[in-house]
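J.: One structure, as structure tokens, below. Some questions next.
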Amino acid sequence: MDQPVPCFLLLEDGTALKGTSFGATNSTSGEVVFQTGMVGYPESLTDPSYNKQILILTYPIIGNYGVPDKICDENGIPCFFESSKIWAAGLVVGEYCDYPSHWRNQETLSQWMKRENIPGIQGIDTRALVKKIREKGSCLGKIVYELPLQTGKLAIDNPNLQNLVQEVSISKPITYNKNGYPKICAVDCGLKYNQIRCFLKRGARVDVVPWNYKLDTNEYDGLFLSNGPGDPVMCKTTIENIKNVLNSPKIKPIFGICLGHQLLAAAIGCKTYKMRYGNRGHNQPCIHEKTGRCFMTSQNHGYAVDAFTLPEHWETLFTNANDKSNEGIVHAKLPYFSVQFHPEHTAGPEDLESLFDVFLDLVKNADTSNISAKELVNTKLKYINYKQLHPEKPKKVLLIGSGGLSIGQAGEFDYSGSQAIKALREENIKSVLINPNIATVQTSKGLADKVYFLPLVAEYVEQVIKVERPDGVLLTFGGQTGLNCGIELEKKGVFKKYNVKVLGTPIQSIIDTEDRKIFSEEINAVGEKVAPSIAAHSVKEALEAAEQLGYPVMARAAFSLGGLGSGFANSEEELTVLATRALAHSAQLIVDKSLKGWKEVEYEVVRDAYDNCITVCNMENVDP
């Protein structure tokens, strides 16, 4: 990073906040807004809705994962950005990290901002600044490098008095997935890439048109109104075009997001108003009017629709649980609806991406169905989406325990199994434990609801399943014994026979990781480098494999997490001893080219059902 340059954030009320610069070193002005999300600055900065705004990010360290490369998907759309450039006028952070650590990192945040001529200021108490904006309301501001001679109120041009949409919109139509169906006309008022992607992955054709494009209902099957920056009343041409569509004798479904929601509302005669400080960032709670269910949403807007001005036949669809502002409208009979939040969710919660399915269902069935947007949205959110987001919780779960532990052996599986039982209890799920070891914590009286002191072999476990009839089974808390037992039960069809669902890691993933040959093939398939290896099923095959690979080699028994019979061999004699011992415990032996002397770094990663990943810890394994 270059030597930091002192700079200042000046607010229109005369407040001057001192910090140091990163990114470009040029002055800028705009509306000062804040976002409290913990991730997603590449997406936020490239969101056209931040045009002419100085964005405050409240998360303590910004820049720690750098900026990814502009890798494009199969449709030519960049994967990690929301448009082709940075739209925010400037960036304000508490602490900037100039030493990013992430496998996708291509350049630092400062380098990217400098290239795009966007200034940043760090060393600001962002919490105090956000508190000020929440109390006083949104304000205008400037990033400067010298304090003015006179303090007091500053004269700053208000960007909300300009047509910001005209600046961010494309100049001529662009088509994606030309042969797709149905044909969606997307009005670009500041369109985010992931909105296009949400349509394309559902097979639709998307014709993106400029903000002032004259809309013709004969040209498309459905009309989509995108997000965008600024005051909706500045988009008079767009509002008039939407009015013409609404008055057309040919009814085509309409779906609006964010500014698109406000433009649809304005076209039907609703009033919009400037919010005190707007709603920006992730995890904004919205209540669905019909079901009363609360959904978490991603948002970025400073204006809202006045729900009290809704005309006849139009109803509130969602309401913000925090400030009670309107978050969606729907026509009672016709296929028109819009939402204030971002169901395309980059970055943010994915609760309501199904609204794209609702819209496309309306479009596909427009000529054959009398169903309204209101009915379809309510049905979708009541039934389908509920099951997707909240799978039915099991009532009783069987836990394959840690089994016998030798003196001096690590007790991590007794610990993890005990924690699993506690977690089941917190969720009011009955736990049935099978574990022959009376000397473990997990078999303590009062921990599990029921304990079977039986051997951890398939025959006994099946008898317990037959008697207890659990809804689910946990295999990954009992170490190698539990994993091998689970694989055997799966191969025998026991889980299918008694309708027991394997919870957590899927059974196929367990098989793929335990079978070392399959594991090596899977690693190769995703482009990761792995030591050359050959699978052997006899001592003779092991010796032939070593001859082919060259000594020294590593011999590893499959399906044995503790590595029974595994080790290094420098000669035929040593490998014969290892292979004989390993094949007594396992039907498969993997002979690898030795990587002795390499540094081994290990990462413990936990992933949930929604593909959220957390690196719990990392460690370096030191070879003694």
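The values are calculated or read from the model by the stated rules, or taken from the named source; none is laboratory data. This is a predicted model, so every value here is computed, not measured. Virtual Cβ from ideal backbone geometry, glycine too; neighbours counted across all protein chains shown. When the accessible area is computed, the model is the full protein with side chains, heavy atoms only, and any ligands, DNA or RNA have been set aside. Shrake-Rupley method; radii C 1.70, N 1.55, O 1.52, S 1.80 Å.
J.: Restricting attention to segment 354-371, does a residue exist that is at pLDDT 90 or above and among the aromatic types (F, W, Y)?
T.: yes
J.: A546 is checked against (1) open to solvent by less than 70 Å² (accessible area, probe 1.4 Å); (2) closer than 30 Å to K430 by Cα and fails just one. What number does that condition carry?
T.: It fails just one condition, (2).
J.: Does segment 237-257 include one or more residues that are in a helix (DSSP H, G or I), modelled with pLDDT of 95 or more, within 16 Å of N320 (Cβ to Cβ) and not acidic (D, E)?
T.: no
J.: Looking at segment 522-538, I want the residues that are free of Cβ contacts under 8 Å to residues at least 12 places away in the same chain and have a partner that is assigned to a loop (DSSP other than H, G, I, E, B) and surrounded by 13 or more Cβ atoms within 10 Å (Cβ to Cβ) with Cβ atoms under 7 Å, at least 6 apart or on another chain. Which pairs are those?
T.: I523/V530; N524/V530
J.: To continue, here is another question. How many of the residues making up segment 591-618 are out of contact with any helix residue (DSSP H, G or I) (no Cβ under 8 Å at 6 or more places or on another chain), of a type in the set (D, E) and either open to solvent by less than 90 Å² (accessible area, probe 1.4 Å) or part of a loop (DSSP other than H, G, I, E, B) (or both)?
T.: So the count comes out to 4.
J.: Please specify each residue of segment 222-237 satisfying the condition of being charged (D, E, K, R) and open to solvent by 50 Å² or more (accessible area, probe 1.4 Å).
T.: The one that is charged (D, E, K, R) and open to solvent by 50 Å² or more (accessible area, probe 1.4 Å): K236.
J.: Could you grab the pairs with beta carbons closer than 6 Å, sequence gap of 6+ or different chains, first residue in segment 219-230 and within 20 Å of G203 (Cβ to Cβ), second one in a loop (DSSP other than H, G, I, E, B) and among the aliphatic types (A, V, I, L, M)?
T.: Every condition considered, the pairs that remain are S226/L191.
J.: Within segment 406-427, is there a residue that is more than 37 Å from the chain's Cα centre (by Cα), surrounded by 15 or more Cβ atoms within 10 Å (Cβ to Cβ) and modelled with pLDDT under 90?
T.: The answer is no, given that none of the residues of segment 406-427 is more than 37 Å from the chain's Cα centre (by Cα), surrounded by 15 or more Cβ atoms within 10 Å (Cβ to Cβ) and modelled with pLDDT under 90.
Yes or no, residue by residue, for (1) open to solvent by 20 Å² or more (accessible area, probe 1.4 Å); (2) among the acidic types (D, E); (3) in contact (Cβ under 8 Å) with a residue 60 or more places away in the chain:
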{"residue": "P6", "(1), (2), (3)": "yes, no, yes"}
{"residue": "T20", "(1), (2), (3)": "yes, no, yes"}
{"residue": "A24", "(1), (2), (3)": "no, no, yes"}
{"residue": "G30", "(1), (2), (3)": "no, no, yes"}
{"residue": "Q35", "(1), (2), (3)": "no, no, yes"}
{"residue": "G40", "(1), (2), (3)": "no, no, yes"}
{"residue": "D47", "(1), (2), (3)": "no, yes, yes"}
{"residue": "N75", "(1), (2), (3)": "yes, no, yes"}
{"residue": "S84", "(1), (2), (3)": "yes, no, no"}
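J.: Consider S338 against the criteria (1) open to solvent by less than 30 Å² (accessible area, probe 1.4 Å); (2) in a loop (DSSP other than H, G, I, E, B); (3) out of contact with any Ser or Thr (no Cβ under 9 Å at 6 or more places or on another chain): it satisfies all of them except one. Which criterion is unmet?
T.: (2)
J.: Right, A88: in contact with a Leu (Cβ under 6 Å, 6 or more places away or on another chain), open to solvent by less than 70 Å² (accessible area, probe 1.4 Å) and either over 17 Å from Y41 (Cβ atoms) or modelled with pLDDT of 95 or more (or both) or not?
T.: Numbers: in contact with a Leu (Cβ under 6 Å, 6 or more places away or on another chain): yes; open to solvent by less than 70 Å² (accessible area, probe 1.4 Å): yes; either over 17 Å from Y41 (Cβ atoms) or modelled with pLDDT of 95 or more (or both): yes.
For A88, the condition - in contact with a Leu (Cβ under 6 Å, 6 or more places away or on another chain), open to solvent by less than 70 Å² (accessible area, probe 1.4 Å) and either over 17 Å from Y41 (Cβ atoms) or modelled with pLDDT of 95 or more (or both) - is met.
J.: From the residues in segment 275-298 that are among the basic types (K, R) and either outside any strand (DSSP E or B) or closer than 23 Å to K192 by Cβ (or both), which one is most open to solvent (accessible area, probe 1.4 Å)?
T.: Checked segment 275-298; the qualifying residue most open to solvent (accessible area, probe 1.4 Å) is K290.
J.: Another question about this same structure. Is it true that some residue in segment 299-306 is without any contact (Cβ under 8 Å) to a residue 60 or more places away in the chain, open to solvent by 30 Å² or more (accessible area, probe 1.4 Å), aliphatic (A, V, I, L, M) and farther than 21 Å from A88 by Cα? Steps first, please.
T.: So the first thing to find is which residues in segment 299-306 are without any contact (Cβ under 8 Å) to a residue 60 or more places away in the chain, and the list is 299, 304-306.
Adding the requirement that they be open to solvent by 30 Å² or more (accessible area, probe 1.4 Å) leaves 306.
Pick out the ones that are also aliphatic (A, V, I, L, M) and you get none.
Looking for residues that are without any contact (Cβ under 8 Å) to a residue 60 or more places away in the chain, open to solvent by 30 Å² or more (accessible area, probe 1.4 Å), aliphatic (A, V, I, L, M) and farther than 21 Å from A88 by Cα, one finds none in segment 299-306, hence no.
J.: Among the helices (runs of 4 or more DSSP H) lying completely within segment 447-541, list those that include at least 3 residues that are more than 22 Å from S402 (Cβ to Cβ), among the charged types (D, E, K, R) and open to solvent by 50 Å² or more (accessible area, probe 1.4 Å).
T.: Working: elements: 458-468, 479-491, 494-497, 507-514, 516-525.
Because the criterion is at least 3 residues that are more than 22 Å from S402 (Cβ to Cβ), among the charged types (D, E, K, R) and open to solvent by 50 Å² or more (accessible area, probe 1.4 Å), the helices (runs of 4 or more DSSP H) in segment 447-541 that meet it are 516-525.
J.: Whether any residue in segment 140-147 is more than 30 Å from the chain's Cα centre (by Cα), open to solvent by 100 Å² or more (accessible area, probe 1.4 Å) and over 30 Å from E219 (Cα atoms) is what I want to check. Lay out the reasoning, then the answer.
T.: If we filter segment 140-147 for residues that are more than 30 Å from the chain's Cα centre (by Cα), which is where we start, we get 140-147.
If we keep only those that are open to solvent by 100 Å² or more (accessible area, probe 1.4 Å) too, we end up with 146.
Those still in the list that are over 30 Å from E219 (Cα atoms) too: 146.
Yes; the residues of segment 140-147 include at least one that is more than 30 Å from the chain's Cα centre (by Cα), open to solvent by 100 Å² or more (accessible area, probe 1.4 Å) and over 30 Å from E219 (Cα atoms).
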